[in-house]
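**Q** Have a look at this one.
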2 protein chains.
Amino acid sequence: MADKAQLQEAIKTQGEVVRKLKSEKASKEEIDEEVAKLLQLKAQLGGDEGKHVFVLKTAKGTRDYNPKQMAIREKVFNIIISSFKRHGAETIDTPVFELKETLTGKYGEDSKLIYDLKDQGGELLSLRYDLTVPFARYLAMNKITNIKRYHIAKVYRRDNPAMTRGRYREFYQCDFDIAGQYDAMIPDAECLKIVYEILNELDLGDFRIKVNDRRILDGMFAVCGVPDEKFRTICSTVDKLDKMAWEDVKKEMVNEKGLPEDVADQIGEYVSMQGGQDLAERLLQDPKLSQNKQAYAGLTDMKLLFSYLELFQVTDKVVFDLSLARGLDYYTGVIYEAILSQTIPAPVSTPTEQNGADEGGVSVGSVAGGGRYDGLVGMFDPKGRKVPCVGVSIGIERIFSIMEQKAELSSEKVRTTETQVLVASAQKNLLEERLKLTNELWNAGIKAEVLYKKNPKLLSQLQHCEETGIPLVAILGEQELKNGVVKLRNVASREEVDVPRADLMDEIKKRTL
Amino acid sequence: MADKAQLQEAIKTQGEVVRKLKSEKASKEEIDEEVAKLLQLKAQLGGDEGKHVFVLKTAKGTRDYNPKQMAIREKVFNIIISSFKRHGAETIDTPVFELKETLTGKYGEDSKLIYDLKDQGGELLSLRYDLTVPFARYLAMNKITNIKRYHIAKVYRRDNPAMTRGRYREFYQCDFDIAGQYDAMIPDAECLKIVYEILNELDLGDFRIKVNDRRILDGMFAVCGVPDEKFRTICSTVDKLDKMAWEDVKKEMVNEKGLPEDVADQIGEYVSMQGGQDLAERLLQDPKLSQNKQAYAGLTDMKLLFSYLELFQVTDKVVFDLSLARGLDYYTGVIYEAILSQTIPAPVSTPTEQNGADEGGVSVGSVAGGGRYDGLVGMFDPKGRKVPCVGVSIGIERIFSIMEQKAELSSEKVRTTETQVLVASAQKNLLEERLKLTNELWNAGIKAEVLYKKNPKLLSQLQHCEETGIPLVAILGEQELKNGVVKLRNVASREEVDVPRADLMDEIKKRTL
């Protein structure tokens, strides 16, 4: 427990931080964050009358999904899962946290973004950073050498969130991976086919899938004269080419990573190359590159990969791009990344982030990525036995952002329930009869609602249907009860018809197929 | 970083702990836990040749789901979600962690079980302990006064796991809640109807739903002479009656909580009462209890609740039980809990927990619980505006445990993929033709697999179908290619028939409806 004087001091200091940021016209996001910290401190101190003041927000970089967003999320998941199942995948699940050491040494420079749990006695734990490392742990632990599985779950990164662009600290990944010793490039090609299918079916506009190979990159670094121990760190720098200009990337290589300028320039020449199978063939003729064993193997496989992609009819969207590097340490072969051409038209404001400054179109960037990681499972096996793996991860949050904005711009109303019928009454004192009929409908498997009021007005019952899109109303009155019928009303057309109570279930089913 | 000598000392100490437990014949679970700690320490020190030794396990109290378990999980979720949707619920999602203070002061004595995240700068965060408090935070934050929603997600409790009984530290909750100002007991009755439906449809054998009311408990404590400030803590003790005998509960009340013995005895009389609507009526005549305002209100509502439960045809399983207390602080009215009569026949062994000592039948205990919490949302609202809520949480892990054991005992094979057809060949050099046909099938929406080998043997292709339950094989050979046909084989009957390539999709669809 911090004592009161300390807290007041901390509040004063934090207040100055906020004032400074405001005077410097810092971004809304930055200011909001510091204001939230200030409010938290104030809350610790207690409110005016000692009443506890809550900071009503979700944790930084996270969000709730409201029912409309959930309806969209379900639609997106269904498309993705259908594709995974079409390709014969099973599914698994792993815990949200792992032993800390399971994640150690797998993510290179990104390791600093891992969330740790507090040491409350017992094991040291961290939230999963991706689904790939837990998958490898799962394979090694259960001695599985063959599996094709998908896994859809949330992962956690203490990154700088940019939520209007769909970048969160808690976000979903949809992973598909193939583990097993197989003939070269066949599973790799299937992963790319899946990305192609999913992005097509989600109907998000044009896209490209960049492909490269870690062995080609390493070979390229070697022939350009990068020292071995700098391969990974230079690889991280090359990975920034999608966000930074070559000039800035070069600066980082030379000034921060200590690469001679001529070495950087040679890399610059290679990483500007893009093409298809033809480029792989051309580079196989490159006198320097083809002499390097690694590069030669990578280029030969790239050629083979494109021949399979041809059979899978996806080469119109796939580009062999030597600038693609991907940050993670564990890749050993083919790597890829899918990019949407579309930009997000106008950022959706959320309560915690009303980014007024940023109203132009925003590129959503990468929406899927993956590659081959033949060494990862072996890192977990006591005897180092390898299980070759290749996989792809669909970055679903950016896709949600786009779909949400599409839904907002469209006039079509998103239904958030599936209720087929509301049981209603125009008269008083019929609650018991309404509950009895509702119960009959539930027991018959019909999705039915009833207002939780003793004597609701007919108008408010009809309004509930209009608002939530319930298509039918089953209306009970003294007369209907006497005649053994129910008045069935079509909400849209306002037509009403008396249906014998015994036929009601069939009639509702027929009308709401 | 701990230094080497310190580590070696810690390993020595931990080794003694393990030896001591073994000599004392402690439970397998306890020993396993201490062994795991020992291995972790050894891993920190490094293996024999300085090679890093991994502890291959999931965090304590957590587990992976393999594809078979996932297939069962999906089935259970489908039943539960169908029921929620039948009752007109929408769905929402909230982040896995909340600001720490959001969870503070909501769980009474259970608060010590909350997982905190490490302070890595920024906000103080905790993993959610249930879905109810995040739901209340969501309502207050978005000023929602009316919603019927379900939420299915994992929650986290640093409890002592007993995994053979389906008690985990990471586990799913399936919550259904109704928020809004409504007429008494109508939403409450619907929650009980839902529990009844779900437990019936899951087909887990007989069950009972105990019902009570916090106001009846509080009134009872008052008339028995429990001081006001001890209501909550005595409530926690009463809650242990499902695991402890009355004698032990009484001891805790008297010795630990300082209650006079005659007060405890009076409580003992009340909490032994069970019944239905009749008991509510009888207690309304109880001269002491009926004089207490709280108890009177609770008993009147209980009577009303049972009249609605009668209409919903669920009274055969519902018992008004004065011993039901439920531990959580936030309940204000009706509370309930569902208990399966069935015991788990034989614990399933998992790699981390082979509980040899505990081979008898194990009662799974509570599988659903909930109640009314009218004050919780107001705790988050700056002006204290209340939103009355009632809900139920299905404790799915115990249900999974039972379903898994049922599946294991049954001879029926659980399929983990939905693949309709395997594209195969008996001849060499047909990889490209196989890939081409597979691609055609995928494009037609058919779930198809192909082995990732250049020249797989026909036998191993057929074996793959047998193992994974794929019902059809599409066989390509030189002859078939020349004739423009595909040989379609039924795996079970071994019948083969030549199908013109143009008709193949329709034929597969027809056969795998």
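The values are calculated or read from the model by the stated rules, or taken from the named source; none is laboratory data. Computed from a prediction, not measured in an experiment: that's the story for all the values here. All Cβ positions, glycine included, derive from the backbone under ideal geometry; neighbour counts span all protein chains shown. Side chains included, ligands, DNA and RNA excluded: accessible areas come from the protein's heavy atoms. Shrake-Rupley method; radii C 1.70, N 1.55, O 1.52, S 1.80 Å.
**Q** Any idea what the dipole of the stretch B:359-459 comes to, in debye rounded to 20, about its Cα centre with Lys/Arg Cβ at +1 and Asp/Glu Cβ at -1?
**A** 260 debye
**Q** Same structure, new question: In the stretch B:170-192, which residues give up 40 Å² or more of accessible area once the other protein chains are added, compared with their chain alone (1.4 Å probe)?
**A** With the partner chains in place, the stretch B:170-192 has these residues losing at least 40 Å²: B:Tyr182, B:Asp183, B:Ile186.
**Q** Which FRET efficiency, nearest 0.05, do B:Gln313 and B:Lys413 yield, Cβ-Cβ r, R0 35 Å?
**A** My answer for the efficiency is 0.45.
**Q** Hey, what number do you get for chain B at 222 nm if only DSSP H runs of n ≥ 4 count, each worth -39500 (n - 2.57), divided across all residues, to the nearest 500?
**A** Roughly -12500 deg cm²/dmol at 222 nm, from the helical runs in chain B.
**Q** Give me the extension gain from B:Ser111 to B:Asn142: residue separation times 0.36 nm, minus the current Cα-Cα distance, reported in nm with one decimal.
**A** Gain in length upon complete extension: 8.6 nm.
**Q** Can you list residues from other chains, or at least 5 along the same chain, whose modelled amide H is less than 5 Å from the amide H of A:Val334?
**A** It is A:Arg214, A:Arg372, by chain and number.
**Q** Moving on to the next point. So what's the gap between the Cα centers of the stretch B:139-197 and the stretch A:365-423, to the nearest angstrom?
**A** 26 Å
**Q** On a 28 Å Cα-Cα criterion, which of the cross-link pairs A:Lys143/B:Lys406; A:Lys154/B:Lys4; A:Lys12/A:Lys100; A:Lys454/B:Lys143; A:Lys240/B:Lys100; A:Lys4/B:Lys383 come out too long?
**A** A:Lys154/B:Lys4; A:Lys12/A:Lys100; A:Lys240/B:Lys100
**Q** Relative to the present Cα-Cα distance, how much length would full extension add between A:Lys25 and A:Gln285 at 0.36 nm per residue of separation?
**A** Between A:Lys25 and A:Gln285, full extension yields an extra 88.1 nm.
**Q** If each of A:Lys454 and A:Glu440 carries a label point 7 Å out from its Cα toward its Cβ, how far apart are those two points in nm?
**A** 2.5 nm
**Q** Still on this structure, I have one more. I need the inter-copy label distances for B:Leu459: point set 7 Å along Cα to C-beta, values in nm with one decimal, smallest first.
**A** 8.1
**Q** What are the ³J(HN,Hα) values, in whole Hz, obtained from phi via the Karplus relation 6.51 cos²θ - 1.76 cosθ + 1.60 with θ = phi - 60°, for each residue of the stretch B:322-327 in sequence order, with x given for Gly and Pro?
**A** Along the stretch B:322-327, the couplings run 6, 8, 6, 10, 6, x Hz.
**Q** Take the solvent-accessible surface of the protein heavy atoms, probe 1.4 Å, and return the percent of it on chain B that carbon and sulfur atoms account for.
**A** The nonpolar share, carbon plus sulfur, comes to 49 percent.
**Q** Still on this model: Against the longest principal axis of chain B, how steep is helix B:132-141, in degrees 0 to 90 to the nearest 10, with axes from Cα atoms?
**A** That works out to roughly 80 degrees.
**Q** Take every residue in peptide A:374-384, count the Cβ atoms of other chains within 10 Å of its Cβ, and give the average of those counts.
**A** The shielding value for this peptide is 1.
**Q** Along Cα-to-Cβ, 7 Å out, sits the label point; list in nm, shortest first, how far the one on B:Asp248 is from those in the other copies.
**A** Taking the point 7 Å beyond Cα along Cα→Cβ, the inter-copy spacings are 6.5 nm.
**Q** Closest to the B-onto-A rotation axis, which residue of chain B has its Cβ, and how many Å off the axis is it?
**A** Reported as residue, whole Å: B:Lys118, 2.
**Q** Still on this model: From the phi of every residue in the stretch A:193-200, what ³J(HN,Hα) in whole Hz does the Karplus formula 6.51 cos²θ - 1.76 cosθ + 1.60 yield, where θ is phi - 60° and glycine or proline is x?
**A** Ordered by residue, 3J(HN,Hα) equals 4, 5, 4, 4, 4, 5, 5, 5 Hz.
**Q** For A:Gln6, place a label point 7 Å out from Cα along the Cα→Cβ vector, do the same in each other copy, and report the separations in nm, one decimal, smallest first.
**A** In nanometres, ordered from closest: 2.2.
**Q** Oh, and also: Quick one: the Cα spread of the stretch A:81-187 along its three principal axes, in angstroms, biggest first?
**A** Principal-axis extents of the stretch A:81-187 (Cα, largest first): 43, 37, 23 Å.
**Q** Evaluate peptide B:78-90: per residue, the Cβ atoms of other protein chains within 10 Å of its Cβ; return the mean as an integer.
**A** 5
**Q** Over the stretch B:364-489, give the accessible area per residue in Å² for a 1.4 Å probe, as an integer.
**A** 41 Å²
**Q** Over the stretch A:221-302, with the other protein chains present, what is the accessible area per residue in square angstrom, probe 1.4 angstrom?
**A** So the stretch A:221-302 comes to 52 Å² accessible per residue, rounded to a whole number.
**Q** Would you please give the FRET efficiency between A:Asp503 and A:Gln181, computed as 1/(1 + (r/R0)^6) with r the Cβ-Cβ distance and R0 = 51 Å, to the nearest 0.05?
**A** After rounding to 0.05, the efficiency reads 0.25.
**Q** Quick one: if the Förster radius is 35 Å, what FRET efficiency do A:Leu124 and A:Glu229 give, using the C-beta to C-beta distance and rounding to 0.05?
**A** Efficiency computed from Cβ-Cβ geometry: 0.75.
**Q** Going by average Cβ density within 10 Å per residue, which order do the peptides B:479-485, B:396-402 take, highest to lowest?
**A** In descending order of packing, they fall as B:396-402, B:479-485.
**Q** I've got another one for you. In the stretch A:116-144, which residues give up 30 Å² or more of accessible area once the other protein chains are added, compared with their chain alone (1.4 Å probe)?
**A** Going by heavy-atom accessible area, the residues of the stretch A:116-144 that drop by at least 30 Å² are A:Asp116, A:Leu117, A:Lys118, A:Gln120, A:Glu123, A:Leu127, A:Arg137, A:Tyr138, A:Met141.
**Q** Same structure, new question: Which cross-chain or sequence-distant (5 or more) residues have an amide H under 5 Å from the amide H of B:Phe207, H modelled 1.01 Å from N in plane?
**A** B:Ser341
**Q** Enter the buried accessible area of the A/B pair, total of both sides, probe 1.4 Å, in Å² rounded to the nearest 100.
**A** What A and B bury together is about 9200 Å².
**Q** Using protein chains only and a probe of 1.4 angstrom, how many square angstrom of B:Glu74 are accessible, to the nearest 10?
**A** 80 Å²
**Q** Residue farthest toward the positive end of the dipole of the stretch B:86-162, with Cβ of Lys/Arg at +1 and Asp/Glu at -1: which of B:Ala162, B:Asn146, B:Thr94?
**A** Positive-most Cα among the choices belongs to B:Asn146.
**Q** Can you list the residues of the stretch B:449-476 with backbone N under 13 Å from a point 7 Å past the Cα of B:Arg511, pointing along Cα to Cβ?
**A** Residues B:470-476 qualify, since their backbone N sits under 13 Å from the label point.
**Q** Next up: Give me the angle, in degrees from 0 to 90, between the Cα long axis of helix B:214-224 and the longest principal axis of the Cα atoms of chain B, rounded to the nearest 10.
**A** For helix B:214-224, the angle is close to 30 degrees.
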